[in-house]
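The values are calculated or read from the model by the stated rules, or taken from the named source; none is laboratory data. A quick note: this is a predicted structure, and the numbers were derived from the prediction, not measured. Cβ: placed from backbone, ideal geometry, glycine included. Neighbour counts: every protein chain shown. These area figures cover heavy atoms from the full protein model, side chains too; ligands, DNA and RNA do not enter into them. Shrake-Rupley method; radii C 1.70, N 1.55, O 1.52, S 1.80 Å.
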Amino acid sequence: MTEKIHLLSERVANQIAAGEVVQRPSSALKELIENSIDAGADEIQVLSRDGGKSLIQIIDNGSGMGPKDARLSFSRHATSKILNSEDLFQIRTMGFRGEALASIAAVAQVKMKTRRKEDELGIEIRIEGSEIQEELEVSCPVGTSIEVKNLFFNVPARRNFLKSDIIELRHLIAEIERISLAYPQIFFSFFHNQKEILHLPKGNLIQRILHLFGNSLSEKLVPIQEKTDILEISGYVGKPEFSKKTKGEQFFHLNGRFIRDSYLHHAVLNTYQEWIPEGHSPFYSIHLKIDPSRVDINVHPSKTEIKFLDEKIIYTLLQTAIKQSLGKFHLTPQIDFEGETGFSEMSIQARNLPIQFPVSNINLDYNPFISTEKGKTEVPDRAIPNHSINDPSYEELKPEITAFENIRIIDPSPWAKPEAENIETENHSEPANPGLFQEEEILSLEDRFIRAGQDSQSILQIQKEFIVTSIFSGLIILDQQAAHERILFERYLRIFSGQGEVSQQTLFPQTYTFSAQDTALILELLPDIRLLGFDIREFGKNTFIVEGIPTDLQFRGESPIFDEILNNFKENLQMGSFNQKENLARSLAKRAAIKPGRYLSLEEMRLLIDQLFACESPLFSPSHKPTYITLSLSDIKKKFKE
Ligand code: ADP
Ligand code: MG
């Protein structure tokens, strides 16, 4: 018993390796699609169930495998893609480690059917937890179909670690977005729970982008193109005025492979910094082609991190390419308004103009004298931007789940009225939106307690943001927005639990078109969204029509309110901890709550206070901000003694 070291069994070794290659359904999906691409497929179909947890199936029309290769493909370090270590520096395929299939088969129930063109019959192999269960000859189409069922069925700790179906689904879609952008010439379709979520016909890059992110993007992008001896850059970048806080619409592909690279992201942001607000990023889908011997992609098993030689040159070239393109194609609104010229003529004119930097009317503080200096930033070292920028891609979840609460600044909320209107409202004694406070009064103990010390003279609104009132033991100060959010949140939760209903009002029906990702999300949420009083239905591909909105949200005019609620929802999703209904209630409450800057009548303030203390948890807003603070008499007395 002196020997302690022994070799791990193939099975255990595979399970350990699987932890690196397969973290969640989307990572298995990525590996399988990459294999299909390497096999020369130009049609790839993906089927999934329950966020990929129960099933991921990839069907391709690639080369297929003979029986021997099919068997071997599940062994570790079995690959047809490299032979020796020199090949490592000339990688032109997506895979090369020979780990993916072995890893997936170690932690799932896998069935593969595959056939080559030259074979009459194909082979079917069933393998579970690395053990081959069955092997038989079958007739099947040329190509390969791989079914991965019950991922982590034998590793409960990992299975429990998976997120909700909806989050896993978003990862799946994000993965397909990334890969399909690199291969617009390949047809992709993606089904989830038997519903087709993505249908991406073969085409070029811009067609692929529009299929994924919606046609509305077409006016918002400019092409970029740059070619030198060592590097070729191509793709599309967003015009500065369409930059958003949204993360996840920034894509770098290097030699056909999606990469995360904060250094290059920094190069892009640096180019835009004059024209976009801090924290915003433009859309971009940028393809880099570099001689494979000048990059090292073998840094991490997921192959999304890379090292380049010549990285400073790439940084500079990327900036130049973007600047030129924005200067060339970005026709300013001024030209737009002046011109009777048609668009095509205009772009020809634009081509002959000297290269200029785009003018954007977003940054009102923009000072051309200061910023030209700023624009001449030296090319930083890779180490610096890694810490100084907000790279969208570093955290796993961030790319897909977005927070763009602040983008809709132009859209006035029904409550945040322009100053002039507020003044008008102040002169009326009636609340501007009676619908909001029409709830019956429910008096809680605490409520009565407060009432006891409260009379109408002692309620005061300060700075149109806080409400001060006296209670017999001192003062309380409410944050009007936080308090109202709490009230609405609990009301919506009651609606979900069947204790109440929201009436709805028809307005001019409005249609909304969403990206495939958001469409999937809305479809999941549809029943709950309806419950809250939205009269909404699907209306063609990726499009919904809204014919009624909850009473709380009634207001004049049209606004992309529905988008906002969705964005709030996604933001909450990112924080991870809420269930779907709670999340929706929170998002809607946030949207519907009165905002600072809104004058409140005495009656409204009284109702707000009453309703807050009728809440189950009046202390905090649904986003955990305090709704009120108290200042006790003894505190006040103490302050005067100090
Ligand atoms: P790698 O892709 O790194 O070589 P994998 O474990 O992903 O390793 O795949 C092992 C081998 O199985 C590949 O090298 C390839 O020869 C074969 N293979 C896997 N998937 C397919 C497919 N869809 N079509 C044809 N061959 C495949
Ligand atoms: Mg592979």
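Below is a table of values for the structure above.
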{"quantity": "Selection count where residues are more than 9 Å from ligand 1 (Cβ to nearest atom), open to solvent by less than 70 Å² (accessible area, probe 1.4 Å) and in a helix (DSSP H, G or I), scope the range 86-104", "calculated": "2"}
{"quantity": "Flag for S216 being open to solvent by 40 Å² or more (accessible area, probe 1.4 Å), in a helix (DSSP H, G or I) and touching a strand residue (DSSP E or B) at 6+ places or on another chain (Cβ under 8 Å)", "calculated": "yes"}
{"quantity": "Qualifying residues in the range 14-58 (those that are more than 17 Å from K113 (Cβ to Cβ), in contact with a Ser or Thr (Cβ under 8 Å, 6 or more places away or on another chain) and of a type in the set (A, V, I, L, M, F, W, C)) - the one modelled with the lowest pLDDT", "calculated": "A17"}
{"quantity": "Flag if I636 is of a type in the set (V, I, T), under 36 Å from the mean Cα position of the chain (by Cα) and closer than 23 Å to S473 by Cβ", "calculated": "no"}
{"quantity": "Which numbered condition N572 misses (of (1) over 19 Å from R170 (Cβ atoms); (2) of a type outside the set (A, V, I, L, M, F, W, C); (3) open to solvent by less than 70 Å² (accessible area, probe 1.4 Å); (4) at pLDDT below 85)", "calculated": "(1)"}
{"quantity": "All positions within the range 126-146 that are part of a strand (DSSP E or B) and surrounded by fewer than 23 Cβ atoms within 10 Å (Cβ to Cβ)", "calculated": "R126, I127, E128, E131, I132, Q133, E134, E135, L136, E137, V138, S145"}
{"quantity": "Checklist (1) among the charged types (D, E, K, R); (2) more than 17 Å from I173 (Cβ to Cβ); (3) open to solvent by 20 Å² or more (accessible area, probe 1.4 Å) applied to D60, failing item", "calculated": "(3)"}
{"quantity": "Residues of the range 186-208 satisfying the condition of being surrounded by fewer than 17 Cβ atoms within 10 Å (Cβ to Cβ) and of a type outside the set (D, E, K, R)", "calculated": "F191, Q194, H199, P201, G203, N204, I206, Q207"}
{"quantity": "Per-region count, the range 24-40, residues near ligand 1 (Cβ under 7 Å from one of its atoms) and assigned to a loop (DSSP other than H, G, I, E, B)", "calculated": "1"}
{"quantity": "Residues that are assigned to a strand (DSSP E or B) and either within 14 Å of ligand 1 (Cβ to nearest atom) or modelled with pLDDT under 95 (or both), drawn from the range 105-123", "calculated": "V110, K111, M112, K113, T114, R115, G122, I123"}
{"quantity": "Counted residues, the range 21-46 - those being near ligand 2 (Cβ under 9 Å from one of its atoms) and of a type in the set (G, A, S)", "calculated": "0"}
{"quantity": "Of residues in the range 47-71 being touching a residue at least 40 places away in the same chain (Cβ under 8 Å) and assigned to a helix (DSSP H, G or I), the one nearest to ligand 2 (Cβ to nearest atom)", "calculated": "A70"}
{"quantity": "Residue list for the range 592-604, filter: surrounded by fewer than 22 Cβ atoms within 10 Å (Cβ to Cβ) and part of a helix (DSSP H, G or I)", "calculated": "L602, E603"}
{"quantity": "Odd one out for R530 among (1) farther than 24 Å from D479 by Cβ; (2) buried (at least 17 other Cβ atoms within 10 Å of the Cβ); (3) modelled with pLDDT of 80 or more", "calculated": "(2)"}
{"quantity": "Whichever residue in the range 267-316 is of a type in the set (A, V, I, L, M) and open to solvent by 30 Å² or more (accessible area, probe 1.4 Å) and, among such residues, is modelled with the highest pLDDT", "calculated": "L269"}
{"quantity": "Among the residues listed as V222, V142, V138, V155, the single one being over 21 Å from G40 (Cβ atoms) and at pLDDT 95 or above", "calculated": "V138"}
{"quantity": "Any chance K81 is within 13 Å of ligand 2 (Cβ to nearest atom) and among the basic types (K, R)", "calculated": "yes"}
{"quantity": "Top-ranked residue in the range 158-184 [being modelled with pLDDT under 95 and polar (S, T, N, Q); ranked as surrounded by the most Cβ atoms within 10 Å (Cβ to Cβ)]", "calculated": "S164"}
{"quantity": "The range 98-125 - residue that is without any contact (Cβ under 8 Å) to a residue 24 or more places away in the chain and more than 34 Å from the chain's Cα centre (by Cα) and, of those, nearest to ligand 2 (Cβ to nearest atom)", "calculated": "E124"}
